[in-house]
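Undergrad: Below you'll find the structure I mean.
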Amino acid sequence: MASYKQIGENKYKIYVELGYDDNGKRIRKTKTVTAKSERALKKAITELEVEVRNTKTMDLDGISFETFYEEHFKKLYLKTLKVSTQNLYKENEGRVLNFFKGMEMKKIKPLHIEKFFEAEENAGRRTLDKKHSMLKSIFERAKEWEVIDSNPAKKVKNRKPEKQVREIQHYTKEQVKILIRELENNATEKLNVQAKLAVLCGLRRGEIMALCIEDVDFKTKTISVNKNLQVILDTNEKILQSPKNGKGRIVPMNTIVEHDLKKYIFKIKQLKFSMGELWEQQKDMNGNNITFLFSNEIGQPQSLKGLNRQWYDFCKKSPIPYLNFHGLRHTFATLLVQSGTNINVVQKLLGHSDIRVTLNKYTHTEMDDLIEGIKVFDIFL
């Protein structure tokens with residue numbers, strides 16, 4: 001971007017902006033020219049811009065961590081990752097960039113990275129494993145692009161969180177009965193259907209928000225879970241992606257969900273018809289026309305934050321305790337396991353790509369089960 005300032009009769013100083021250095025100082029090329037007309041001035045500006053563009057080279061030898069991340073990793077690689085991963089990097093980049101600010105990529109050693117994690121641990125910060133993965137990815141791209149010779153983050157011990165056996169928060173069977181009654185009597189029709197899709201079908205929040213009319217098949221009484229709605233952190237842009245396991249799944253509807261969906265979809269179709277040209281046609285990842293189940297009055301998908309807020313407000317007025325929305329999916333899985341459902345069936349219903357995920361999360365044993373289990377030895381009394 002070029003600008004100019006008149007410094008005398010027919011004399012001008014031209015500035016071409018080149019961005020900022022690692023210390024935030026502006027970098028620019030300047031040139032003083034003589035121009036007796038506006039046309040001559042514009043020509044001089046264009047010539048300087050061309051000169052800068054042709055002579056500007058990418059100096060990678062002394063490139064800093066911050067510059068590499070902002071100018072290369074972020075622009076060329078980060079945008080190719082899943083939105084959830086992009087958001088994770090953006091949440092952590094502030095602390096990472098602040099620690100490595102001003103350090104040259106080639107001079108960063110494993111000891112520097114160890115020091116970073118030491119500072120994070122001393123500050124009581126969490127998700128160190130995620131930050132470790134982030135650093136490994138950044139340095140691995142730098143290695144692939146021949147900015148550095150080796151990846152120092154790979155030589156640092158993996159920051160995997162300690163495995164903890166913890167109980168998944170969920171509602172009991174009795175609480176689910178109360179929940180369904182409260183949803184039908186006191187929730188909006190939209191929230192009623194959304195919550196039931198989570199607690200009675202095991203859908204994730206993003207999968208629910210991505211559902212469209214075309215995904216529901218009342219003949220087979222099934223729902224096709226084939227996409228996931230994500231929101232880009234810094235722009236709030238809503239985009240559709242493939243499901244978490246990359247495949248998708250078919251989920252059967254029970255009688256309650258089928259009944260509610262039939263009524264709800266009928267009203268959505270009525271709304272779409274009444275809005276006419278004001279309704280905005282939406283498309284899926286393949287460019288096919290779709291109609292979101294959970295949208296605003298002109299067909300745009302509802303926000304994830306909006307769902308969280310409505311669920312929280314509903315729970316505040318409900319006789320059952322608050323549980324975050326994802327806890328409804330945990331409730332679905334936990335009650336299936338407690339009822340003796342085959343773990344392979346639970347895996348397929350949840351859409352886990354690896355059965356070990358299902359086993360690790362949901363085959364915990366509660367104290368009541370333990371007490372009941374040892375009663376088998378009462379025969380020896």
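The values are calculated or read from the model by the stated rules, or taken from the named source; none is laboratory data. Small disclaimer: the values here were computed from a predicted structure and weren't measured. Reconstructed Cβ throughout: ideal geometry from the backbone, glycine too, with neighbour counts over all protein chains shown. Side chains are part of the model used for accessible areas, which takes the heavy atoms of the whole protein and leaves out ligands, DNA and RNA. Shrake-Rupley method; radii C 1.70, N 1.55, O 1.52, S 1.80 Å.
Undergrad: Among the residues of region 315-333, count how many are part of a helix (DSSP H, G or I) and either touching a helix residue (DSSP H, G or I) at 6+ places or on another chain (Cβ under 6 Å) or closer than 13 Å to L197 by Cα (or both). Break it down into steps so the answer makes sense when it comes.
TA: Restricting attention to region 315-333, the residues satisfying the condition of being part of a helix (DSSP H, G or I) are 315-316, 326-333.
Of the ones still in play, those that are also either touching a helix residue (DSSP H, G or I) at 6+ places or on another chain (Cβ under 6 Å) or closer than 13 Å to L197 by Cα (or both) are 326-333.
The qualifying residues number 8.
Undergrad: Return only the number of the condition from (1) within 24 Å of L304 (Cα to Cα); (2) at pLDDT below 85; (3) among the aliphatic types (A, V, I, L, M) that L349 does not satisfy.
TA: (2)
Undergrad: Right, next: Mind listing whichever residues of region 1-49 are within 18 Å of E71 (Cα to Cα), assigned to a strand (DSSP E or B) and either modelled with pLDDT of 85 or more or not hydrophobic (A, V, I, L, M, F, W, C) (or both)?
TA: We begin by selecting, within region 1-49, every residue within 18 Å of E71 (Cα to Cα); these are 1, 17-28.
When the remaining residues are screened for being assigned to a strand (DSSP E or B), the result is 17-20, 26-28.
Listed by number, the residues that qualify are E17, G19, Y20, R26, R28.
Undergrad: Still on this structure, I have one more. Let me spell it out: the conditions are (1) modelled with pLDDT under 95; (2) farther than 13 Å from Y69 by Cα; (3) buried (at least 16 other Cβ atoms within 10 Å of the Cβ), and P152 meets all of them except one. Which number is the exception?
TA: For P152, the failing item is (1).
Undergrad: Could you figure out which of (1) without any contact (Cβ under 8 Å) to a residue 12 or more places away in the chain; (2) more than 16 Å from N92 (Cβ to Cβ) isn't true of W145?
TA: Going through the list (1) without any contact (Cβ under 8 Å) to a residue 12 or more places away in the chain; (2) more than 16 Å from N92 (Cβ to Cβ), W145 breaks only (1).
Undergrad: Would you be able to say whether some residue in region 172-184 is touching a helix residue (DSSP H, G or I) at 6+ places or on another chain (Cβ under 8 Å), assigned to a loop (DSSP other than H, G, I, E, B) and open to solvent by 60 Å² or more (accessible area, probe 1.4 Å)?
TA: no
Undergrad: Tell me, yes or no, whether region 50-61 has at least one residue that is more than 30 Å from K5 (Cα to Cα), modelled with pLDDT of 90 or more and in a loop (DSSP other than H, G, I, E, B).
TA: no
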